[in-house]
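The values are calculated or read from the model by the stated rules, or taken from the named source; none is laboratory data. Nothing here was measured: the structure is a model prediction, and the numbers come from that model. Cβ coordinates were reconstructed from backbone atoms using ideal geometry, including for glycine residues, and neighbour counts include every protein chain displayed. Surface areas here come from the heavy atoms of the whole protein model, side chains and all, with no ligands, DNA or RNA. Shrake-Rupley method; radii C 1.70, N 1.55, O 1.52, S 1.80 Å.
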Amino acid sequence: MKSIKKICCIGAGYVGGPTMAVIADKCSRINVNVVDINEERIAAWNCNNYEKLPVYEPGLKDILKRCRNRNLFFSNEIEKNIADSDMIFISVNTPTKTKGIGAGQASNLKWIEACARQIGKYAKGKTIVVEKSTLPVKTAKTIKSILQSFSKIDDENKIFHILSNPEFLAEGTAINDLEKPDRVLIGGEDQEAIDSLKEIYLNWINEEKILTTDLWSSELSKLIANAFLAQRVSSINSISALCESTQANINEVAKAIGMDTRIGKYFLKSGPGFGGSCFKKDILNLIYICNHYGLDQVATYWENVITINNWQQQRITQIIVNKMFGNVDGKKISILGFAFKANTNDTRESPAIKICNDLIEEGCFLSIYDPEVDIKQITLDLDQKPVNDKLILQNSSCWEYASTIQDSALNSDAIVILSDWDNFYDLDFENLINIMRKPSWIFDTRNVVDISKAIKYGFNVWSLGNGNIN
Ligand code: NAD
Ligand code: UDX
């Protein structure tokens with residue numbers, strides 16, 4: 001078995017960065033080089049100001065302080081690092097295709113292919129190639145044929161082994177998930193290559209948590225894990241609406257069903273719909289694969305997980321407008337939370353994007369606060385620049401960036417809570433009720449508010465899935 005001394009990871013994103021940081025931290029004898037085509041991103045990873053790292057993830061900065069420039073390096077030197085490494089992780093983006101065959105469902109694998117070609121061209125000797133990105137089942141076959149074409153033509157000494165090692169981390173808890181994973185999955189054909197990767201993980205993970213399998217089961221398991229998780233969120237969200245109509249309470253229902261060990265208590269929190277770069281993309285990909293194999297009923301089954309998710313996002317805007325006398329035109333609404341969940345600066349597929357755009361379309365003025373998402377990102381997501389302060393009162397259908405909860409709530413008619421950051425659990429109602437317009441509303445899509453306390457201070461409260469008060 002080949003002991004790995006040098007790793008290259010192509011893709012310095014939300015997966016490549018934290019994953020390689022943890023490997024470098026746990027394996028001080030391995031040199032880990034994270035490379036990317038994006039120069040700005042690499043510069044941000046190398047920045048001395050840890051507040052400016054491209055990924056906000058609790059615990060990440062401490063690891064970087066220990067490992068960066070010790071055995072963890074970020075650079076744009078892709079070719080050199082490919083050539084020098086024994087093991088190469090591919091951790092690039094695999095978004096949904098936006099045009100051509102399979103548009104709106106299939107994954108766009110152009111970045112994966114580009115990596116395979118670069119590896120084929122620059123790698124030397126025996127190289128283990130690890131799929132870290134989430135990929136449609138059978139992608140390893142494509143990578144293999146690209147790589148083999150290089151060993152045949154270029155250099156017969158180039159030998160490639162392909163492994164599938166999907167990443168199960170969730171953003172916001174990535175470091176903990178990487179340090180203490182429920183399992184590590186390695187799919188492959190060559191036992192020695194599997195053992196080489198396993199040896200790395202054995203530095204901090206117990207052997208019984210390392211699962212080895214064939215390539216196709218590993219690739220498919222990643223898509224299915226995300227589909228099952230998203231399905232639970234859509235299931236509980238569908239029931240949140242039923243609770244609102246029946247005076248039941250979604251938290252009580254979730255607790256009662258979750259105590260059944262067959263159901264389990266995790267992933268039963270109702271909210272404004274799932275966001276993030278993975279769930280929707282991976283289910284769409286699953287649907288595409290099912291249709292490809294003629295499994296139309298299976299495809300339709302999974303489509304409904306997305307249908308409920310879209311509906312949940314839409315219905316929240318409708319509720320806000322209805323409760324505010326059917327009109328939000330000219331009103332100011334404070335949005336708390338723009339990231340797709342707490343403890344991340346990632347806004348990809350965040351329900352906040354759809355909800356904010358819908359509210360702006362209704363004519364209101366939004367004041368958006370998020371502890372980690374910056375103004376540039378919100379401007380990109382809403383495809384609209386924020387307004388200049390002086391114009392605020394005359395404007396409708398626009399938004400501003402707020403640096404504090406207080407600034408966001410000032411003179412607003414309503415607060416809408418869209419993600420569950422810690423500081424939203426403990427809002428200063430006494431202060432907020434005094435600086436807001438009356439009647440003052442709180443719309444809580446994450447069940448973070450102490451309802452009776454908020455009502456005591458004079459707020460009207462709508463809380464997702466709570467049939468007692470809505
Ligand atoms: P990301 O967009 O944050 O990062 C991908 C990076 O790859 C970008 O910085 C991009 O510039 C770089 N890149 C693309 N092509 C390249 C090339 N040819 N050479 C060098 N660099 C290149 O994406 P991400 O969120 O890190 O996701 C990466 C993969 O991991 C995806 O397949 C995703 O589905 C999967 N995944 C993501 C998560 C998550 O929570 N974000 C979790 C598990 C799995
Ligand atoms: C997910 C998977 O959890 C992870 O294993 C995979 O590797 C990548 O995709 P991520 O998208 O980062 O991770 O976050 P996750 O915690 O799964 O949340 C996804 C979305 O579902 C968020 O918008 C979150 O708010 C929502 N969610 C999650 C709920 O609304 N309720 C829940 O109970 C759990």
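Okay, here's what the table says:
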{"quantity": "Average accessible area per residue (Å²) across the chain - probe 1.4 Å, nucleic acids and ligands excluded", "calculated": "45"}
{"quantity": "Derived scalar couplings ³J(HN,Hα) [segment 16-32; Karplus, 6.51 cos²θ - 1.76 cosθ + 1.60; whole Hz; x for Gly, Pro]", "calculated": "x, x, x, 5, 6, 4, 5, 4, 4, 5, 8, 10, 5, 8, 9, 8, 10"}
{"quantity": "Cα-based equivalent ellipsoid of segment 221-315: semi-axis lengths in Å, sorted from largest, via gyration tensor", "calculated": "25, 15, 12"}
{"quantity": "Long-range amide H partners of residue 366 with built H, under 5 Å", "calculated": "333, 398, 399, 400"}
{"quantity": "Trypsin sites (Lys or Arg not before Pro) restricted to DSSP loop in segment 72-142 with at most 10 other C-beta within 10 Å", "calculated": "99"}
{"quantity": "Contact order relative to length of segment 274-430, as percent, for alpha carbon pairs under 8 angstrom and 6 or more apart", "calculated": "26"}
{"quantity": "Rounded if a/c under 1.5, otherwise prolate or oblate - segment 175-243, Cα gyration tensor axes", "calculated": "oblate"}
{"quantity": "DSSP-loop chymotrypsin sites (Phe, Trp or Tyr not before Pro) across segment 307-409, with at most 15 other Cβ within 10 angstrom", "calculated": "325"}
{"quantity": "Stretch gain in nm, segment residue 246-residue 192, where the contour uses 0.36 nm per residue and the Cα spacing is subtracted", "calculated": "13.6 nm"}
{"quantity": "Residue 298-residue 388 FRET efficiency (beta carbon distance; Förster radius 51 Å; 0.05 resolution)", "calculated": "0.50"}
{"quantity": "Heavy-atom accessible surface of segment 325-446: percent carbon and sulfur, 1.4 Å", "calculated": "46"}
{"quantity": "Among beta bridges that DSSP assigns inside the chain, antiparallel share in %, nearest 5", "calculated": "10"}
{"quantity": "Rounded to 5, percent antiparallel among DSSP beta bridges of segment 1-156", "calculated": "5"}
{"quantity": "Radius, Kirkwood style, for the chain when every pair of distinct Cα atoms is counted (Å)", "calculated": "23.9"}
{"quantity": "Sparsely packed GluC sites (Glu not before Pro) within segment 171-237, loop by DSSP, other Cβ within 10 Å at most 15", "calculated": "189"}
{"quantity": "Cut-off under 5 Å, modelled amide H: who pairs with residue 412 long-range", "calculated": "437"}
{"quantity": "Label-reachable residues, segment 67-103, where backbone N falls under 20 Å from a point 7 Å from residue 46's Cα toward its Cβ", "calculated": "67-85"}
{"quantity": "Distance violations [Cα-Cα > 31 Å] among 180/269; 110/354; 121/180; 61/158; 99/141", "calculated": "121/180; 61/158"}
{"quantity": "Placed amide H near residue 96: partners under 5 Å, 5+ positions off or other chain", "calculated": "108"}
{"quantity": "Gain upon complete extension [residue 206, residue 407; 0.36 nm per residue less C-alpha separation]", "calculated": "67.5 nm"}
{"quantity": "For segment 208-222, Karplus couplings with θ = phi - 60° (6.51, -1.76, 1.60), whole Hz, Gly/Pro x", "calculated": "5, 8, 9, 9, 10, 8, 6, 4, 6, 5, 5, 4, 5, 4, 5"}
{"quantity": "Computed lengthening from residue 214 to residue 126, 0.36 nm per intervening residue step minus Cα-Cα distance", "calculated": "29.6 nm"}
{"quantity": "Relative contact order (percent, whole number), the chain, Cα cutoff 8 Å, 6+ residue spacing", "calculated": "12"}
{"quantity": "Under Karplus coefficients 6.51, -1.76 and 1.60, residue-wise ³J(HN,Hα) of segment 400-410 in Hz, glycine/proline x", "calculated": "10, 9, 10, 8, 9, 4, 4, 4, 5, 7, 4"}
{"quantity": "Taking segment 358-470 and dividing mean pair separation by its residue count, relative contact order in percent (alpha carbons under 8 Å, at least six apart)", "calculated": "21"}
{"quantity": "Dipole magnitude (debye, nearest 20) for the chain, charges at Cβ of Lys, Arg, Asp, Glu", "calculated": "480"}
{"quantity": "Residues residue 260 and residue 1, FRET efficiency given R0 of 45 Å [Cβ-Cβ distance, rounded to 0.05]", "calculated": "0.55"}
